[in-house]
Structures are given as structure tokens and as C-alpha cells.
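Written below as C-alpha cells is the structure these notes are about.
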């Protein structure tokens, strides 16, 4: 119970911090690009939307900072993140709502595959040290050292441009109308395979390495030796005793690295022009669409927090010590 | 908390704190004997030299246009040219400086913040510790790259040092976290307790007893942050958030991407810059592996190459000690 | 199923038949060209139903001996020679070091069970205690989960723990309870040999005493043989039938417990005994052993105890003494010391009759 409460408080603090960063940032920035943009779109924007943007970016100099902060929260709690300049006059929330499912689908599935695969491979390498499997380590070093987007570029050059196996960009065939048909689903999978493959390829090495090191460390624990002394089958020693304990720190590094991973994979969307929230952020930066930029950051952070909570729940299920009352 | 276990693993076996200077020196030499660490240091050294002399030895001005537009590698242009006939080799050589300066500046800044927050939190304990730990956990969980993009995107002009500062401000938390855990365990060790009982001043205990024992972890954190900073900075340049006229490897990739280098099959435009990043990143990672093995001896390889072990019929396994009958043979 | 095993149980007062014979066991630590020779031709016989104490300073190889004899020594440990003969209840003999992996797995826990040094870390933190006892049973006997758990409950009761602790996780138990659980676990298959590596070191004195008494009582009932490893010689004198003293990877003296206590024949045994207060009987003067144990990677040619030995002579530096009869040719005793070669007179403190 204490574990749950502690984590709950932590997530509240983090969410509060993310919102506050969003509030403070534009107020710290020199110059007023937003004011300039507002001036440019004078007359096209209705007054309530303009008020929202003024509030979001701190253009109301007459209100006290505290009053601004309270009003800011009020806006957020009503789900109002302003309107997007780029897709004028669509509200930011609406623009984000359209791209979020694509990101959750692509980045979510790819990350889960990568974590599972990496953990399994790392488990094998860590258990069988001093064999050929150690030879995989230099390869993983290489993949953990290159930026994600560059692997994306190479993948496009190889599989799209040269071999022509997969489309180089987009998330589905534009000639199709999105619908729940097998054809459309097939197209989504066809377009999603290469980005997903690249995300897995670039992030899997971290999990392999982490799990391998955990396995090596856990293997020398007494309870693993006891399991061998009991004459348990190899499978249950590796899975039930070594890996079952090595996965715990692996899970906590998963929660900690999630922000990093998501950041990296969002870049992948930019490379593949995949219509998720990362690509949206990219377009927002390119078009100086500040409300959208801020909205993207807030939503990404909240999404990472939700994923973190899910990982925490799994951790609590896996580790009886966290469930202890007291 | 769920997360305490990670740090326990990286920190358990530390170099003996009570060690004499002579032992410490020997341990340092031991670190240099590590092949991985040595390879990594050599790679980083080469790039460091290139960062200093790159702009002088570059064969031509990276911004100079020429009539060889988008030409593949040739004798005149070793790594080919871009869409305006600019020499790519020169761009890479000139760009190394920006990469290294931002990487190391951000690394140093983030390490300083990390040491201050982490060591303080671990040493003072109590409510201050709770607050500082919560702060670093918040910074760990908030996705850094989007945050950096949002900050850099709102700055009117994001030059190299601004980028380094932004990266440092968002990227110090990991180091702080590990350092806090290690300081906490050091504080309970006998030699620190003894120093406290002797009435040593806190400042002296921190600098003379605690910091020397954190060297390896600080170094690992520094190397990790430099890696993160290099990759972040290049990513920022690639998506065009930072100034696209300052040369670094990311800028090259930005122009390559903007001008459809992939579709045009101009591999020489984006491959070399990427390989440079990979090489530098590998160098940094290798150094960190070396530090890891130095700090956690369990990770060290067993001392012999797989082939030699096979020849002697040794399969190192947990729970099944290999048996060879060499002692008897030796006696015969 | 347990009934059939019980029927084959040996008589309560065992005749001196060997159950585990370690012959010339050599172990290196390190796979490179310059390994530490941590065990050098150690021979030791454990008889059915006896308690054999193994004592020595830390780093002398006493734990290594137990781990190597069961092939549980972690990398980079390497058995470089010797045999470990196990004699089953039906008299069949097998060399533990020559078994295939599958055979070794099948023999483990069944023939020889181990209780490890740190009770804290010997239990898997993420499994319930009952499951950890039961999985050992189910790996060797074809019984259902229910039956195995019933047996686990029986075993817990046997070591004085309430059966409803079966559903506890290790972190919910105290240190003493965990060690009892380990003992219950080790006895699950009624093994013939129980290796105990410092089983009481991490516990407080009261708990230590309870556990030691419990082991003695269980042995009485179940008739297994025990190798009890500890640096606490006074504890051994009380509970062991026989004691072997180790120094620098070798056994230097092997004798019945009472005799080694009253009449040590090796200078090191004598020194070791004088560094602990006796639990009962007359007080005697305590003295530490001067000097430090040798570096196992670079041992001198002669007797490794020479630098710390008050009776060292040139003969000691010439060659390594081997385990042989004492100068007084006492039955059931052996010692590895040049003083007993007959060339020199045995000093008075090592010659008490």
C-alpha cells in the first residue's frame, strides 16, 4: 500500500511539474513571437480563442502571475490548450487527439516488442557467459551508440529506396479512406512495419545490455546456487530464479528510461513522416506553432506518466516486497 | 520505491575506500589496462584532436560552392559533395568542433549539477533528501528530448552553447540519482563515520572521504551525459530546431534530408556523418563499459577467450563447476 | 513414497561406513595462466551419520571444499583433479565429479543437500516459502503440487515453524526463521549428507544455539551425516564427532573432536584452539595467531604455515608435508606436519597424551 501511495504522490508531483514548466517556459522566453503571430492573424481569430492564447503564453501583463497561474490551470482542466496556428482554427486538443492513437500504436507496440525481445536475448547472453553469445555484445554497442533517426535514414535508404519493400513515409495508403476494413488494416501494417522495425532495432540493444548485466549480477546470488543445488531443471533455475529476479531492476530501468526512449522514437516519426505526435511536434516547430508545441509536450509527458504507472503496476505484481503492508 | 534496486547493482562493489594512494593509483592503471576502455579513449582522443585542428586541415571551405553538384566520392572530394557542390569531408571535419564542444560542455555542466544535487541529497538525508530525490525523479520521467525541442524551439536563436546549457539542465538527473545512492551507502561506512566522530568538518569529509570514492561513478555519469548530449544536439540540428548554418554532423544530415539525399541515392551525404556519430558514441560507450567492469567486477569477462576455454574443455557455468583433470596430468 | 524411503533408513547407531569420500581434490580459481590454487589435493572421508566439523580461518578453502565437492563453485572456479565418491544406501558408488549434467541434477538434494552461509540471500525473494520447498521435492519425486506442499508443511513443523508460514515470502520471516526454512528445505528429500556452510554465523547467539541443537536433534532422528563448516572452533568441539582443520587449501589435521581439543598435534590447530574461549571446562589463556594467512596465488614451496609457525625449521621449507599418522601413531588421527616425521622431538604443547 505504501508503495502505491508513494508512487501516486510522485506522479502527481511530476504531472504538476510538467504543467508548471509549460506555464513558465513561454514567460521566460525573450521576445514575443506569439504576440507577433497574434497581431498577424488579427481579425481572423475569435476573441475567446485569443484570450486563451494570451493566457497560455502570458501576454496579459496586467494580471498578477499568480492569477495567471490559476487561470492557466482552469483552462487546462477544461481541456483547452488553445488553437493551432498551423491548422487554424482547429483547437490544439483536437489536432493532438487525431495523432495520438498513431503514436500509441506505433511507439507503444514497438517499445513493448523491443523490451520483451531485448530482455529475452539479454537473459540468454547473461546466463551463458564465455560462449559465442558474448560476440553479440559489440554489435549491441554499435546500435546503442547511434542516434535513432540515423538508423531510420539507413533503413529507408536500404528497404524503401534500394529494395522497395516498404513505403518510405506516411502511415497508410493515402488513396484509401480510413475505415475498419482488412484492406485498410493491411495498409497500416505495411506502412508501420519499417518504422516499428527501426525503433526495435535501435532500442533493443539497451534492453539486451541491461538484462545481460542484471543476469550476470543475479547469477552469483546465493538463491540461484541453491536452486542448482536443489537439482531443479535448468529452465526453472534460469526463468524462475535468475531471470525472475533480474527482471525487477530491468523493469525499473524501463520506467526510468521510458522518457528517453519515447523522445528518441518520436524522432523516428519525423524521419518516416508518420502522422503521430512526434511528427506533429516536428511540424509545429517548423511552423512556429507555439500552442501546438506546448500541447504536444504536455500530452507526451502525460502519456509517459501513464506508461510509467502501468510499468509500476506490473512491477508491484512481480515483486512481493512492494506489496507488503506497512 | 520500485527503483532502488537498479542503483544497488551498479554500486555494491566499490573500490575500497580505505585504500592507500598507492592502491588507488594501481587501480587506475588497472582501468587503463582494460582493452575496452583503452579503445574508447583512443577513439575519443582522435575526435578531440580533430575538433581542435579540423577547421585548419579541412581541404576546403565547407560553405564554398562548386560546380561538382551532388558528386559521389572522388579524388577531388573524398566524401563527395552536396546539392550545392559543397565538400562533405570538410563539413564533417569543421563540424567535429561543434559536436565536441557542445557534448563536453553539456557533460561538464550536467555532471556539476548532478554531483551537487546527488551528493547533497545523499549526505544530508531526511526531508532535504526526499525533496532533491523527487526533483531528480521528476526530471528523469519527463521526456527530455521533447522538452529540449520545446525550449529550443521557443528560443529566437539557439546557438551551440545555449543548446549545451539546455541539454545540461534537462539531463543531469540520472547522474544525480546514482550518486545519491552511492553517497548514502558511503556515509554509513566506517571510515566516514570515524571522520564524523572525529569532528571533521563536513566540507572536508565530502572532499577528502566521499568524492574520491565517487570518482568512477562521476566519470561514468559524465561519459553517459556526453553521449546523451552529442546525440541530442545532433538530433536537434537534424530536425532543424537549432541554427542550421553552424556546421555539425546533425546539420549535414539536416541538409541531406531536406534535399532528398535518400531518394537520390546520395549515400555519401548521410552515411559518413552517421558513422562518425556511431564511432564517437561507441568510443564513449566503451569507456563506460570499462568503468562498469572496473566498478562491478562481476561483469568482467572471465579472463580467457572463448576459444581457449573450449580447448581446455571449460564451460563456465553457474551451478556446474567445470572439471578438468589437469592436476593429475601435471603430476604424471 | 516417503514411507519407502524411511524403510531404507540405516540403523540409529551407524557402523563406520563411508558415505562421502573426497580424494585428492584440487581446485583452481581463475581460468588464466596464473590461477590461485585454492585447494591442493584435499582428501577427507565422511562416515554415515557422523558430524564432521571443518574449521579454519576465512579464506582457507573450507567453503570451497564443500562447493567443489558438489560442483557448485561459481566461475572462475575450476576443479582440476581428484574424485568425490558417494556411496548410496544400497552400497553403489559413484564419482560426483564424473556424473553427466542430468545425473548430477538428479543426484543433487536427493543424496547431498546444502545449507548456505547467508540465510538472507539463500531464499528466492519473489517466491513463497512453500513453493521453494515444494519445487525441490517435485524436481525429484513425481508428486502433485498439493502433496508437495503438504510435505513442505510437515517439514516446517519439524523445524518448529507454523505451517501457515508456507504462504509467506522470505522478507516476511526473521533471520532465524529463514535459516530454519533452509534446513527444512534441505531435509525435504531425506538426504544422506547435509553440507552446512557457516549456517549460524549471521544469527545472534541465542538463535545460534537453538539452530545447532535442532540440527543435532534432527540428525539423531533422521540419521544423515553432516559436514559443518565454521570458523568457530568452540562450537564444533561441542557438536562435531570429528574435526578437520584446514590451512591454505589443505587439511592439516583430522581427528576426533575431543582429542583434537585436548591434544592438538599441529601447531596451527593448537593456535586456532587458543584463539577461542572454550564453552565449558577450565579456562585457558587466549592468544591470537600472529601473522596473516598466505596469498593463495603465490604459495611458498614448503609448508604454508612456516611464516607463522613457532616451530618452523629448515625441513619445513624443503617440501610440503602430507597428511600422515601422528608421532604417537594414534588410531583415527592424522596430521600434516614435519614435527611428526620422527626426525625431531615433538614440542611439549603438541605432545600431550
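Please treat every number below as a calculation from the coordinates, not as lab data. Keep in mind it's a predicted model, so treat the numbers as computed, not measured. Positions of Cβ are generated from backbone atoms using ideal geometry, with glycine treated the same way; all protein chains shown enter the neighbour counts.
Key figures
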item	result
Cα centroid of the range A:116-171 to Cα centroid of the range B:42-64, whole Å	30 Å
Whole-Å distance, taken between Cα centres, linking the range B:159-186 and the range C:178-205	47 Å
Radius ratio Rg over Rh of the range A:106-204, counting only Cα atoms, Kirkwood formula for Rh	1.08
Coordinate range along principal axes, alpha carbons of the range B:26-295, Å, largest first	76, 44, 28
Reference-scaled alpha-carbon Rg (2.2 N^0.38 Å with N residues) for the range A:265-326	1.61
Relative contact order (%) - criterion: Cα under 8 Å, at least six apart; region: chain A	26 percent
Label-to-label distance, nm, for residues given as residue B:161 and residue C:292 (7 Å Cα→Cβ offset)	5.2 nm
Fraction of antiparallel bridges per DSSP, the protein assembly as shown only, in percent to nearest 5	60 percent
Enclosed volume per residue, in Å³, of the convex hull spanned by Cα atoms of the range C:246-350	105 Å³
Pairwise Cα inverse-distance average, inverted: Kirkwood Rh of the protein assembly as shown (Å)	32.6 Å
Computed log₁₀ I(q)/I(0) - Debye formula, equal Cα scatterers, no solvent, the range B:238-299, q 0.23, 0.24, 0.26 Å⁻¹	-0.90, -0.94, -1.03
Per-selection Rg to Rh, the range C:73-202 - Cα, Kirkwood hydrodynamic radius	0.99
Calculated FRET efficiency for the pair residue A:162/residue A:13, C-beta based, R₀ 35 Å, to 0.05	0.10
In nm, spacing of pseudo-spin labels at residue C:142 and residue B:202 (7 Å Cα→C-beta vector)	6.9 nm
Solution diffusion estimate, µm²/s, Stokes-Einstein, chain A, Kirkwood Rh from C-alpha pairs, 20 °C, viscosity 1.002 mPa s	95 µm²/s
Partner chain coverage, peptide C:22-32 - average Cβ within 10 angstrom	3
Principal axis box of the range B:47-97, alpha-carbon based, largest edge first, Å	31, 18, 13
Rg ratio (alpha-carbon, reference 2.2 N^0.38 Å) - chain C	1.02
Degrees, to the nearest 10: C:145-158 long Cα axis against longest axis of chain C	50 degrees
Ratio Rg/Rh [Cα only; Rh per Kirkwood] for the range A:95-288	1.07
At 1.567 mPa s and 4 °C, Stokes diffusion of the range B:87-141 via Kirkwood alpha-carbon radius, µm² per second	96 µm²/s
Percent antiparallel among DSSP beta bridges (both partners in chain C, rounded to 5)	60 percent
Shielding by partners, peptide C:77-87 (average Cβ within 10 angstrom, other chains)	4
Share antiparallel - DSSP beta bridges, the range C:175-317, percent rounded to 5	55 percent
Euclidean distance of C-alpha centroids, the range B:81-145 and the range C:97-165, integer Å	50 Å
